[in-house]
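Since the structure comes first, as structure tokens, the remarks are kept for the end.
The values are calculated or read from the model by the stated rules, or taken from the named source; none is laboratory data. The model shown is predicted, which means the values in this text are computed figures rather than measured ones. Using ideal geometry, Cβ is built from the backbone for each residue, glycine included, and neighbour counts are taken over all protein chains shown. In case anyone asks, the SASA skips ligands and DNA or RNA and just uses the protein heavy atoms, side chains included. Shrake-Rupley method; radii C 1.70, N 1.55, O 1.52, S 1.80 Å.
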Amino acid sequence: MTAIGTRRRLFPIEDMHHMFRYLCRVDRFKGVVVRVITVFLLVPLLLWLVARPPLIKLPSRTSNYFKVAYGTLYYFASWRESYTKEDAYQHCEYKNCIPTRDVTDADAVVFHNWDINMPFSDTRSGRNRAKQVWIYYGLEPLARTNWFPAALNGLFNWTMTYMSTSDIPLKYHVYEKVQNVSSRKCDLTPVLNKPRTALMVASHCHTVSRREELVEELRKDIDVDVFGKCGEPCPNNCDFGLFEKKYKFYFAFENSKCLEYVTEKVWMNALAVGLVPVVLGGKTRKDYEMLLPPDSFIYADDFSSPKLLAGHLRTVGSDPKLYNNYLKWRKVFRLSNSQENTDLCSICRGLNNKTLMSKPRVVRNLEKFWNVTQDCHGAGPGAHKTRWATLKGYLLYLFGVL
């Protein structure tokens, strides 16, 4: 009886219950490990294998060509087709550049700043690293680059950004003077025939510039239509040619107010189609004056309150003479169609620049060049960031190859 009783007490019901709960916890732990491995290792690896540029067969006389490789992804995906096809540089002034997948043997390696801290960024030193040019490239504002510049000190040779202090300065668009002014036609909808005041198309709804707050204040005094992820679905596939017939102003409000940062929204969504842009961005008005045609825009920060800005828009929108003052530039200037302003042509032009190539250099203090606290409004450390955003930034940094 004693033996049988002892045997029964070896696995009482409550012990089996505890053991079952323990096994469940182990299974949950294994599940977490599997998910972490999948998300942070397998998925990025598969993305990299799919997104890597195609292998290009170089011409037999390779010494006549500059081979350009890409050391990161491009917005978490592959580089656009135009960057990796064999004749990518054939529309440029210099046509002796060609893309290659071999980072270790390339003459220039381009690193997209948005993706530098992602897994599998290729920062290996190749066999001719001493002769390579590593290019830090990006057109996103400082306030939206999610990494730590100090960790990149001494890594790059050239910078290629929208900053005028870059080794290769880039702009989204430029304008040029019209040769035959007398034949220039500007057939635009008269302002009094436009039923709506303003529109904005936006995909980021919570921004460092707080543009969404300004729009809400302006809506108290004037009508503003918002399309995109932050508003209604964009009609007619966002045809701005049709928008020009209906709206008077386009709100080209940037997500960040950083020195010299002016995106394509001002150009393609407003100036190109005949809408008058109301701009919010840059560090001062001077940033827009240096880039845009004269008297072509309304600068939001010229007004001390949203109510005063709304009042100005109502006045201009109801007076054809005042409104047309913002369109006079179209008779003298036009947006340039030159390919030489593109990043591809700029890379090749830089590699053919003997002065630039003859002065090997290293960007030893990228943190000073790309200084978000100094060059952006309201974008100091931790500005508009949640705990999750901060944690995500550190995780990306830890899993990046730096």
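The table below gives the values:
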{"read-out": "Rounded accessible area of Arg361 (nearest 10 Å², 1.4 Å probe)", "value": "90"}
{"read-out": "Distance (nanometres) between label positions extended 7 Å along Cα→Cβ at Cys205 and Phe303", "value": "2.5"}
{"read-out": "Ranked order, Ser304, Ser164, Ser336 - accessible area, probe 1.4 Å, largest first", "value": "Ser304, Ser164, Ser336"}
{"read-out": "Residue-span extension gain [Lys245 to Asp187] - 0.36 nm each, minus C-alpha spacing", "value": "19.8 nm"}
{"read-out": "Cα-projected label distance for Asp221 with Ser318, points at 7 Å along beta-carbon direction, nm", "value": "1.3"}
{"read-out": "Vicinal HN-Hα couplings computed from phi for the range 334-342 (Karplus, 6.51 cos²θ - 1.76 cosθ + 1.60; Hz; Gly/Pro x)", "value": "8, 6, 6, 9, 5, 6, 5, 7, 6"}
{"read-out": "Under 5 Å, built H, 5+ apart or other chain: amide partners of Cys97", "value": "Phe66"}
{"read-out": "Burial ranking of peptide ranges 282-289, 194-201 (average Cβ count within 10 Å, highest at the top)", "value": "194-201, 282-289"}
{"read-out": "Rough spin-label spacing in nm, given labels placed 7 Å along Cα→Cβ, for Asn153 and Asn371", "value": "1.3"}
{"read-out": "Distant-in-sequence amide H partners of Ser256 (H built 1.01 Å from N, under 5 Å)", "value": "Ser209"}
{"read-out": "Order by protection proxy (mean Cβ within 10 Å, highest first), peptides 236-248, 87-99, 65-77", "value": "65-77, 87-99, 236-248"}
{"read-out": "Net charge, Leu170 excluded, C-beta distance under 14 Å - Lys, Arg +1, Asp, Glu -1", "value": "-4"}
